[in-house]
Amino acid sequence: MRIGIIGIGSLTLELAIRSARAGYKITLHNPRGNSLVGEVTAKMGSNATLGSLEKAAAADIILLFLAKDDLECVLKKLPEMSGKIILHTSSLIFDPHSLLSGITHAMTYKITASLLPEAHIVKLFNPIDLKADSKCTAHTNREEIFFIADHKASGNCTRNFLKTLNFTPIDLTGRLHLQNTAMKLKPVMRPRRGPFS
């Protein structure tokens with residue numbers, strides 16, 4: 001399986017390193033200039049190469065991390081993306097369980113989904129725990145990573161891919177649907193009538 005990486009952030013870089021170690025062929029493209037990541041790519045070994053936007057987009061799974069200012073311009077340059085699995089990464093999330101609706105309605109995620117309606121966009125995010133008594137998950141063997149997928153097959157593919165990278169993938173799709181349903185069913189509270197109304 002080939003992995004394309006478009007845009008370099010802490011999570012896409014970590015995924016690239018793990019993918020190269022796991023034996024996947026990686027093509028990295030940084031819209032702000034490949035020279036910025038050339039040295040890092042060289043350290044990943046023969047499985048990782050720098051390439052054009054088109055070559056990265058031709059992969060089986062695409063990992064996407066773009067600043068909002070670059071997002072629309074870059075996405076409009078992509079070739080036909082129907083049926084492609086795009087893992088839309090984000091910055092760190094401090095409490096993924098309570099921020100579900102905020103995650104899925106994040107601006108860059110919404111723009112990506114609207115510009116690539118035929119692709120399967122999976123929201124992928126890496127939590128960080130700031131509790132003083134907790135151990136840093138980066139030093140454990142299997143680090144948790146969260147995702148939300150509206151397409152079942154792309155969710156399964158994402159889960160399997162992340163497992164091969166030694167992550168523990170946690171699918172929050174069902175929790176999101178339950179939360180959204182509960183919010184829709186919640187009755188609207190009407191103000192009480194006062195004595196003079």
query: Among the numbered criteria (1) open to solvent by less than 20 Å² (accessible area, probe 1.4 Å); (2) in contact with a Cys (Cβ under 9 Å, 6 or more places away or on another chain), which single criterion is violated by residue 11?
result: (2)
message: I need every pair where a residue in the stretch 1-15 that is under 11 Å from residue 62 (Cβ atoms) has its Cβ under 6 Å from the Cβ of a residue that is among the aromatic types (Phe, Trp, Tyr), sequence separation at least 6 or different chains.
response: 3/24; 7/65; 12/65
- prompt: Checking residue 53 against (1) in contact (Cβ under 8 Å) with a residue 40 or more places away in the chain; (2) on the phi < 0 side of the Ramachandran plot; (3) open to solvent by less than 10 Å² (accessible area, probe 1.4 Å), which single condition isn't satisfied?
  reply: (3)
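If you check residue 187 against the conditions, is it surrounded by fewer than 16 Cβ atoms within 10 Å (Cβ to Cβ), part of a loop (DSSP other than H, G, I, E, B), at pLDDT 80 or above and not acidic (Asp, Glu)? Steps first, answer last, please.
On the way: surrounded by fewer than 16 Cβ atoms within 10 Å (Cβ to Cβ): yes; part of a loop (DSSP other than H, G, I, E, B): yes; at pLDDT 80 or above: no; not acidic (Asp, Glu): yes.
Spelling it out, it is not the case that residue 187 is surrounded by fewer than 16 Cβ atoms within 10 Å (Cβ to Cβ), part of a loop (DSSP other than H, G, I, E, B), at pLDDT 80 or above and not acidic (Asp, Glu).
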query: Taking the stretch 59-80 as the search range and keeping residues that are assigned to a loop (DSSP other than H, G, I, E, B) and open to solvent by 10 Å² or more (accessible area, probe 1.4 Å), which one is farthest from residue 169 (Cα to Cα)?
result: 77
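Can you tell me which residues in the stretch 81-104 are open to solvent by 60 Å² or more (accessible area, probe 1.4 Å) and either at pLDDT below 90 or touching a Lys or Arg at 6+ places or on another chain (Cβ under 6 Å) (or both)?
Pass one, the stretch 81-104, residues open to solvent by 60 Å² or more (accessible area, probe 1.4 Å): 82, 91-92, 94-95, 97-99.
Matches in the stretch 81-104: 91, 92, 94, 95, 97, 98, 99.
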query: Within the set of pairs 6+ apart or on separate chains, which have a first residue in the stretch 154-175 that is at positive phi, a second that is open to solvent by less than 60 Å² (accessible area, probe 1.4 Å), and C-beta atoms under 7 Å apart?
result: 166/18
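The values are calculated or read from the model by the stated rules, or taken from the named source; none is laboratory data. Since we're looking at a predicted model, the values are computed, not measured. Glycine gets a Cβ as well: all are built from the backbone with ideal geometry, and neighbour counts include every protein chain shown. Remember, those area values only see protein heavy atoms, side chains included, never the ligands or the DNA or RNA. Shrake-Rupley method; radii C 1.70, N 1.55, O 1.52, S 1.80 Å.
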